[in-house]
Amino acid sequence: MKRLAFVVLILLVVVGFFGWAIYQDPGYVLISYDRFRYESSFWIFLGLIACLWLLAMVVHWVIGLLHASGALVNPWSRRHRARRVAKASRAGLRELAEGQWGLALGHLRIAAEHDRQPLVHYLGAARAASELGEYEQSDELLRKAREREPEAGLAVGLTQAQLQIARGQYDAARESLNALHSDHPRHPYVLTLLQQLYVQLQDWPALCRLLPELRKHRVLPPARLDELERLAWTAALEQVGQVQAATSEDAQQALNQRWQTVPSKLRNEPLLVRAYTDGLSRLGAEEKAEEILYAALKRQFDDLLIERYGRVRGREPSRQLAHAEAWLKAHPDNPELLLALGRLSLRNEFWGKARDYLEASLRLEHRPQTCAELARLLAQLGDKERSNRLFQEGLGLLDQSSNNRLQVVNGS
C-alpha cells in the first residue's frame, strides 16, 4: 500500500513538472526538406517520437510472438527437431540399459544422425547392433563415430575392443588393443582390457610381460595384483610343462628357460615350485625335481610340496626318506607328511614302516589317496578283506567330494 502511494506520488510530480514546463514554454520545432515541411511545438514532437518508439516495440513483440507460434506449430522447425532428438536419445539410452536392443538401435541412430554431439549415441547404437548379431552395422556405426568426432578415437577404440571380446573375435581385439596400447601406454582401462583378453586367451607369457605395467600404473589393488601374478606365472609354467616338444631335452630346456624368467621374489612360492617340479617330473627329470622340492621344503615347509616330495623318485630313495623323517619331528601330526613318508617307505620296500605311516595319516584325515595307497599295500601283504574295504571307502570319499563340488557349482 505504501509502495503504491509512493508510485502515485512520483507520477503526479512528473505530470506536474511536464505541465509546468509546457505552460512556461511550448517550444517550436520546424523540419523542412525540399517540399516537405513539418512544424509543431516541441512537446508535441517529443510525444510523437515516444509514440513511434512504443509502436516499434509493439511490432517487435508481435513478430517475436508470430515466430514462436510458427515454431510450435511447424513440425519441421528447429525447436521440434531438437525435441525429437532429445526424446529419441532418452528412449534409446533407457532401452539400451533394459536390453531392448532393436528399439535402442533405432532410437539411438536417429539421435546420432541429428545431434551435434553424437558420440554417446553412436557407441550405444554400435553395442545394440552387436548384441543383435549385426556386426557389420556395428562396425559401420563406430566408423561414423570416428568421422563425426575424430578426437574421440580412444573412446571408440575401447568400445570396439570390448565388442570384439564379447563376440569372441579375440585376434581382432588383440590388434585393436595393441594399437590403443601403443598410442596410450599408460591408460588404465586399456591395460585392464589387455589383462582380461590374455586371461581369456590363456596367453600366460603375454600376461606375465604385462604384469609390470599393471603394477607400475596401479591398475589393480596390490593384493589382487599379487594373486594374479602368482596365478599367471603358475599357469605359464604349467603350460610350457605340458607342451609336446620334439625331444624331452627340448621340452626341459623350454621349461627351464621359463623358470629363469620368473621374478626372483616368486621362486619360493609353493604354487610355482609345484608347477615347475610337476613339469620336470612329467618330462622325466624326477631327480632334479626332488632336489628343487627338497631345497624349497628346507626354506619353508608346505603341505603341497611335501605331498609332491613323496611322489617323485630321487637319486637316493633312502636319503629322500631320511630327509622326510627329519621333518617329522617338527610336524608329527601332519597327514600330508605321513602320506609322503608312507610312499617313500614303499619305494624303499619298508613294508611295515609304510603301513604304520599310512595308517597314522589315515587316522588324522580320511583321504581317497591314503585309502588307495594303504589298500594296495594290504593287498600285497595278503590282507584282501581290509584292502577291499579301504578301496570302497576311498571310492565313497571320491563320490562325496564330487557331490560337494557339484553342490558348490549349482549354488554359485
*Taking only segment 361-389 into account, find how many residues are open to solvent by 20 Å² or more (accessible area, probe 1.4 Å) and hydrophobic (A, V, I, L, M, F, W, C).*
4
*Go through segment 336-356 and count every residue that is within 48 Å of the chain's Cα centre (by Cα) and either part of a loop (DSSP other than H, G, I, E, B) or over 10 Å from ILE306 (Cβ atoms) (or both).*
3
*Can you find even one residue in segment 144-163 that is within 25 Å of GLN196 (Cα to Cα), open to solvent by 60 Å² or more (accessible area, probe 1.4 Å) and assigned to a loop (DSSP other than H, G, I, E, B)?*
no
*asked:* Quick check on ALA275: is it modelled with pLDDT under 95, farther than 26 Å from GLY168 by Cβ and open to solvent by 70 Å² or more (accessible area, probe 1.4 Å)?
replied: no
*When only residues in segment 198-235 that are among the basic types (Lys, Arg) and under 29 Å from ASP278 (Cα atoms) count, which is nearest to the chain's Cα centre (by Cα)?*
ARG224
_I need the full set of residues from segment 301-330 which are open to solvent by less than 70 Å² (accessible area, probe 1.4 Å) and among the acidic types (Asp, Glu), in order please._
ASP302, GLU307, GLU325
*open to solvent by 50 Å² or more (accessible area, probe 1.4 Å), under 25 Å from GLU365 (Cα atoms) and among the charged types (D, E, K, R): does that describe LYS298?*
yes
_Go through (1) open to solvent by 20 Å² or more (accessible area, probe 1.4 Å); (2) assigned to a helix (DSSP H, G or I); (3) within 21 Å of ALA152 (Cβ to Cβ) for HIS121 and report which single condition fails._
(1)
*Write out, first by first residue and then by second, each pair whose Cβ atoms fall under 6 Å of each other, whose residues are 6+ apart or on separate chains, and whose first residue, in segment 143-162, is of a type in the set (Val, Ile, Thr) while the second is open to solvent by less than 60 Å² (accessible area, probe 1.4 Å) and in a helix (DSSP H, G or I).*
VAL156/LEU142; VAL156/ALA145; THR159/LEU123
*Test each condition in (1) among the polar types (S, T, N, Q); (2) buried (at least 16 other Cβ atoms within 10 Å of the Cβ); (3) under 25 Å from ILE306 (Cβ atoms) for GLN195 and report the one that comes out false.*
(3)
*Report, by residue number, each residue of segment 72-91 that is open to solvent by less than 90 Å² (accessible area, probe 1.4 Å) and modelled with pLDDT of 90 or more.*
ALA91
*Just one of LEU194, LEU211, LEU207, LEU180 is in contact with a Gly (Cβ under 6 Å, 6 or more places away or on another chain) and assigned to a helix (DSSP H, G or I); which is it?*
LEU180
*segment 228-268 - residue that is charged (D, E, K, R) and either at pLDDT 95 or above or touching a helix residue (DSSP H, G or I) at 6+ places or on another chain (Cβ under 8 Å) (or both) and, of those, farthest from GLN202 (Cα to Cα)*: ARG267
*Under 8 Å between Cβ atoms, at least 6 apart or on separate chains: pull out the pairs that start in segment 98-112 with a residue that is open to solvent by 40 Å² or more (accessible area, probe 1.4 Å) and end on any residue that is among the β-branched types (Val, Ile, Thr).*
ILE110/VAL85
*What do you reckon, is ARG94 among the basic types (Lys, Arg), within 45 Å of the chain's Cα centre (by Cα), modelled with pLDDT of 70 or more and surrounded by 12 or more Cβ atoms within 10 Å (Cβ to Cβ)?*
yes
*Out of segment 124-138, which residues are part of a helix (DSSP H, G or I), open to solvent by less than 80 Å² (accessible area, probe 1.4 Å) and either over 21 Å from LEU93 (Cβ atoms) or hydrophobic (A, V, I, L, M, F, W, C) (or both)?*
ALA125, ALA126, ALA128, ALA129
*Of all residues in segment 180-216, count the ones that are of a type in the set (Phe, Trp, Tyr) and under 23 Å from GLU238 (Cβ atoms).*
2
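The values are calculated or read from the model by the stated rules, or taken from the named source; none is laboratory data. These numbers come from a predicted model, not from an experiment. Methodologically, a virtual Cβ is constructed for each residue, glycine included, from the backbone with ideal geometry; neighbour enumeration extends over all protein chains shown. All accessible areas refer to the heavy atoms of the entire protein, side chains included, with ligands and DNA or RNA removed. Shrake-Rupley method; radii C 1.70, N 1.55, O 1.52, S 1.80 Å.
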